[in-house]
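Heads up: the structure comes next, in structure tokens.
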Amino acid sequence: MGTLPHVLALERPCRRPTAPAVYSFKEKRSEFIAALFPSAAGDEARAALESVRREHHGATHNCPAWRVGYPEVEEFCSDDGEPGGTAGRPILGALQKAGLFNAALVVTRYFGGIKLGVRGLIDAYGTAAAGVIERAAIETVLPFKELELRCGYEHLAALSRAVKSAGIAENRLRTTYAVDVTLSLLVSPAREERLRTLLDSYEGRQLLAAPPRWGKNYVLTAET
């Protein structure tokens, strides 16, 4: 099983782990060790997998799954030698069910000498994945576009009113004072079109000392 593209809805809050977590249990003498890692990109997820392989180099299997990137999410899973569909898919399914992204999850198995069968393997890998997710520290984040506006001091009050009229919250706005005034904003997808229209209007352009500088990609900020 390989990489699957998937796109998240930008308006939807997303959940991600904030720190690594580990959970283990035994099933018919086989030990399953699940490790969850924050991973914002495929390279980070692969590095997490390699770290588990080094730590558990004597294990029978190290089965990974991850969901990384935003808003285009890379989904990956592998059975690492287990029968097809018995390890990677249950692990990925646990990530999907929990609504997690920017997360890599690796389940290590030390074979205990008793075969579990297809159903038993699916249940064991799914249980391990769900167990570590349940014990992990999770935060809810929202997507924002970064925006930088510059204006003269004489236009600061009017520009601030205009920005707030577009629905930009006080805690998503930072002001820096120098030769000009710089307003640094975090703009949600729901507010972006309205604010672009306002800034492109004649009245909006009159308030600015330079064209608006929009960030290329969305950034993720903790929900407050």
The stretch 3-136: Cα Rg divided by the 2.2 N^0.38 Å rule of thumb:
0.99
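Can you give the FRET efficiency to the nearest 0.05 for Lys28 and Glu139, using r as the Cβ-Cβ distance and R₀ = 41 Å?
Computed FRET efficiency for Lys28 and Glu139: 0.70.
Taking R0 as 30 Å, what FRET efficiency do you get between Glu193 and Ala41 from their Cβ-Cβ distance, rounded to the nearest 0.05? Write down the numbers at each step before the final one.
Numbers: r = 28 Å, r/R0 = 0.94.
According to the calculation, E is roughly 0.60.
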Size of the dipole of the chain about the Cα centre, Lys and Arg at +1 and Asp and Glu at -1 on the beta carbon, nothing else charged, in debye to 20?
320
Which angle between 0 and 90 degrees, to the nearest 10, do you get for helix 88-97 versus the longest principal axis of the chain when only C-alpha atoms count?
40
Where does the Debye-calculated log10 I(q)/I(0) of the chain sit at q = 0.13, 0.16 Å⁻¹, using only Cα point scatterers of equal weight, no solvent?
-0.75, -0.96
Kindly express, to the nearest 10 degrees and within the range 0 to 90, the angle between helix 189-200's C-alpha long axis and the longest C-alpha principal axis of the chain.
30
Label point distance in nm, Lys115-Asn171, each placed 7 Å from Cα along Cα→Cβ
5.6
Lys97: which lysines have alpha carbons under 25 Å from its alpha carbon, excluding same-chain residues fewer than 8 sequence positions away?
Lys26
Set of lysines near Lys145 by C-alpha distance (under 17 Å), chain-local residues within fewer than 8 positions excluded:
Lys164, Lys216
Modelled FRET efficiency - R0 30 Å, Thr60 with Gln96, Cβ distances, 0.05 increments
0.75
Placing each pseudo-label 7 Å from Cα in the direction of the beta carbon, Ala178 and Arg205 end up separated by a distance in nanometres of 2.5
Sum of side-chain charges, Phe144 neighbourhood, beta-carbon under 10 Å (Lys, Arg +1; Asp, Glu -1):
+1
Can you compute the label reach from Ala158? Point 7 Å from Cα along the Cβ direction, backbone N cut-off under 12 Å, restricted to the stretch 177-218.
202-209
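Just so you know, all these numbers are worked out from the coordinates, no wet-lab data involved. Note that the coordinates shown come from a computational prediction; the quantities given were computed from them, not determined experimentally. Note: ideal-geometry Cβ built from the backbone for every residue, glycine included; neighbour counts use all protein chains shown.
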